[in-house]
Amino acid sequence: MALRTPRGLGRRRPSLSLVVIVHDMRDQARRTLYSLTAGYQQGVSATDYEVIVVENSSERVLGEREVAGFGRNFRYFLREETRPTPVFAVNFGAAAARGRTIGIMIDGARLLTPGAVRSILMARRMDERAVVAIPGYHLGDQLQQDALAAGYDSRTEAALLERIGWPRDGYRLFEVACFSGTSRPGFFRFPGESNCLCMSRTIWEAVGGCDERFDLPGGGQVNLDLYKRVVERDDTLLVTLIGEGCFHQFHGGVSTGTGSEARRALIDAQVEQYRKLRGRKYKNPRVRSVTLGLVPDAALKFVDQSVRRALEEIGEIENQAAP
């Protein structure tokens, strides 16, 4: 499969390459990619970054023509994948990247806020060690795997987006969202992952990308594993963009779109696979983060939640230490 330089980029090397993995989520991927366009992202131009869309084939393929319509800084690769994991697609996309910074969006059903690209580039300019994490959210007022039982579906979500007039003001996504499970500890404690994680090419190559032994449907805990291996390094500095968000769209995915019994069985398998590969159960990295970014009014409630959770945890720690 040839790696082509898209028309319009010329020989200038983009500062950032965002690798977006897509499979059987055509409608959600369209919205995700729109949120990555230079017309939606503020304070940057199309020559500052590229978007590499790697699609594992399905009956609902997005296709090269549609992706090209989002801008000349979008590149598209269709793969025939026989295994149910996105890890090979991630590593393929990162190998095709031209940017000095590589960003991984392992789930292509994620909407970004309008300052995401600008803030990633800002953080990376401030410190070459910076590993930039955007917190995760679920659209809706509860985790989608829980909302599923109450009838939450793609139509419910479309109505939410229409209510806030998305995409006219991308920051209004905070009004109709809640923290994802792995981001629930908040900004000031220890989240478990980021679904938009950006690092230097040097760091990506040093950790060897995604571990391709994570072969369960959806990749199992591969994204958590990548996050932990990267942020626990001595030569990295975790930077969390508290004014930006990465919002999960409902798409019937393996972890948020299945029934409770099936989901429990899948989570059990993911936990066990991580334990076999790493010798222990996954624990969120205890790494303090530098926080960066302007916080829009709509996101202040998440700052409040983060402060409260941090104080509650500190209080619990102090109570445990008391004689």
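The values are calculated or read from the model by the stated rules, or taken from the named source; none is laboratory data. None of these values were measured; they are calculated from a predicted model. FYI the Cβ positions are ideal-geometry reconstructions off the backbone, even for glycines, and counts take in every protein chain you see.
Among residues of the range 36-50 that are touching a residue at least 60 places away in the same chain (Cβ under 8 Å) and within 15 Å of residue 171 (Cα to Cα), those with a Cβ under 7 angstrom from a residue that is among the β-branched types (Val, Ile, Thr) and crowded, with 19+ Cβ neighbours inside 10 Å, sequence gap 6+ or separate chain, pair up as 36/51; 41/117.
Taking (1) of a type in the set (Val, Ile, Thr); (2) modelled with pLDDT under 95; (3) buried (at least 17 other Cβ atoms within 10 Å of the Cβ) in turn, residue 239 satisfies each apart from (2).
What are the residues in the range 6-21 that are modelled with pLDDT of 95 or more and either aliphatic (A, V, I, L, M) or crowded, with 23+ Cβ neighbours inside 10 Å (or both), if any? Before the answer, list the steps.
Restricting attention to the range 6-21, the residues satisfying the condition of being modelled with pLDDT of 95 or more are 14-21.
Correct list: 16, 17, 18, 19, 20, 21.
Taken over the range 197-213, the criterion of being at positive phi and either hydroxyl-bearing (Ser, Thr, Tyr) or loosely packed, with under 15 Cβ neighbours inside 10 Å (or both) is satisfied by 208 alone.
Got a sec? Which of 186, 136, 170 is more than 12 Å from residue 247 (Cα to Cα) and touching a residue at least 12 places away in the same chain (Cβ under 8 Å)? Among 186, 136, 170, only 186 is more than 12 Å from residue 247 (Cα to Cα) and touching a residue at least 12 places away in the same chain (Cβ under 8 Å).
Just one of the numbered conditions (1) in a loop (DSSP other than H, G, I, E, B); (2) touching a helix residue (DSSP H, G or I) at 6+ places or on another chain (Cβ under 9 Å); (3) within 22 Å of residue 292 (Cα to Cα) is not true of residue 234: (2).
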